[in-house]
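Each remark here refers to the structure printed beneath this line.
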Amino acid sequence: MRTGNEPLQARSPLKMRCGLALWGVLCTIAGAVAFVDAGRPEWAAACAALAMVAATDLAMVIRHIRQGPHYQPGKDIPPYAPDQGRNDVFGIRNGTDRRRDTRP
């Protein structure tokens, strides 16, 4: 939901996330190779599974980067429609909510 006070030049963290996902893929592949060399197939399998998770994340991030920027409403669009007093019926604004049970 828009709050109306977003920065005008906001930047997406997708490039940073892409770098971290790539780093994760490289480290887990290196770990899997090291554990295979050390004769620890269980740990190698765990590293390979993490490499698959990181590779999936990397693919999703690259897909989002390629999609490009999405439409964002301008400053003249309010973040939500005003309620025009609809919540006053239930007493939400003034603290006298009639829906609550007020028995002792």
Checklist entry - What residue, among those in segment 51-78 that are open to solvent by 100 Å² or more (accessible area, probe 1.4 Å) and of a type outside the set (Lys, Arg), is modelled with the highest pLDDT? => result Met52
Checklist entry - In segment 23-50, what count of residues is obtained for those that are open to solvent by 60 Å² or more (accessible area, probe 1.4 Å) and not in a helix (DSSP H, G or I)? => result 2
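The values are calculated or read from the model by the stated rules, or taken from the named source; none is laboratory data. Just so you know, these numbers come straight off a predicted model, no measurement behind them. Accessible surface is based on the protein model in full, side chains and every heavy atom, while ligands, DNA and RNA are left aside. Shrake-Rupley method; radii C 1.70, N 1.55, O 1.52, S 1.80 Å.
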